[in-house]
1. I'd like the full set of residues that are among the acidic types (Asp, Glu) and either closer than 26 Å to THR50 by Cβ or not in a loop (DSSP other than H, G, I, E, B) (or both), limited to region 169-210.
2. What residue, among those in region 86-95 that are touching a helix residue (DSSP H, G or I) at 6+ places or on another chain (Cβ under 8 Å) and under 26 Å from TYR204 (Cβ atoms), is surrounded by the most Cβ atoms within 10 Å (Cβ to Cβ)?
3. Find the strands (runs of 3 or more DSSP E) located wholly in region 1-87 whose residues include 2 or more that are within 18 Å of the chain's Cα centre (by Cα) and at pLDDT 50 or above, and list them.
4. Scan region 105-120 residue by residue and report those that are surrounded by fewer than 24 Cβ atoms within 10 Å (Cβ to Cβ) and in contact (Cβ under 8 Å) with a residue 60 or more places away in the chain.
5. Six or more apart or on different chains, Cβ under 6 Å: which pairs go from a residue in region 129-153 that's farther than 24 Å from VAL111 by Cα to one that's assigned to a strand (DSSP E or B)? Could you list them?
6. Kindly indicate whether any position in region 132-152 is touching a strand residue (DSSP E or B) at 6+ places or on another chain (Cβ under 7 Å) and of a type in the set (Lys, Arg).
7. Can you tell me which residue within region 89-115, out of those that are assigned to a loop (DSSP other than H, G, I, E, B) and of a type in the set (S, T, N, Q), is farthest from the chain's Cα centre (by Cα)?
8. Filter region 148-172 down to residues that are closer than 18 Å to MET81 by Cα and hydrophobic (A, V, I, L, M, F, W, C) and give me whichever is nearest to the chain's Cα centre (by Cα).
Amino acid sequence: MAVFENRSGAYFVYVSSGSAENRHLQAAMVTFGSGSDTDVVMAKHHDHITEELAAFIAAQPMFFVATAAPEGKVNLSPKGMDGCFRIQGPRRAAFLNLTGSGNETAAHLRVSPRITVMFCSFDAKPMILRLYGSGRAIHPHDPEWADLVGLFTDHPGKRQIVTVDVEDIITSCGFAVPLMELTGQRQTLSDWANRRGEDGIRDYWREKNRVSFDGLPTGIDEPA
């Protein structure tokens, strides 16, 4: 086995499987190089959200949010719906958290602000982008709500706005993420929220969203 570097800065491992016909080059890890389809992009740190990264984020129809309290379950939530994620600055972002059966993100952020937001491409140009930082859940009863809610599409069932102070940004190849075609956003959640109405949504919060799956308070209760 031998390791060498090509002109693009890509590092390859030469693997022998025992016969000349079956010998091949296996990409091991590389830096950003020519961008050809033979390169596997090594994880790269970025110190801020550039215009190029912002365009990639804006192009993705969904993202994933991970949080955890010091003990208990680690939560990973997929997020969809147009107009729910906004970049507020080179190292700051926010997303609109809609009403659902769990309220884990808000509960976790009350006791541990660590948060990771991940975007990945499902189309022809692969890439994974992760935002690592500190998050805070802002509820409709918080004073900051009025200043932030106008940034987002007016979806029914708005529950929190989560702000993220970005501490690190890492991109990686995404070569194993499958190719998929978007046929449309689901309207099921919006239809459900519209049927319940504002009062029905608040009743649901009191019934289902006051604590996390591990019993941690979420802060959704309106101040007395």
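1. ASP191, GLU198, ASP199, ASP203, GLU207
2. The extreme case among them is ALA94.
3. Per the criteria, 44-46, 63-68, 74-79.
4. Those that are surrounded by fewer than 24 Cβ atoms within 10 Å (Cβ to Cβ) and in contact (Cβ under 8 Å) with a residue 60 or more places away in the chain: ARG110, VAL111, PHE119, CYS120.
5. LEU129/PHE119; LEU129/THR171; LEU151/ARG86; PHE152/LEU96
6. Yes, the conditions are met somewhere in region 132-152.
7. So the residue we want is SER101.
8. For region 148-172, the residue satisfying everything is VAL162.
The values are calculated or read from the model by the stated rules, or taken from the named source; none is laboratory data. Computed from a predicted structure; not experimentally measured. When we count neighbours, we look across all protein chains shown, and the Cβ atoms used for this are built from the backbone with ideal geometry, even at glycine.
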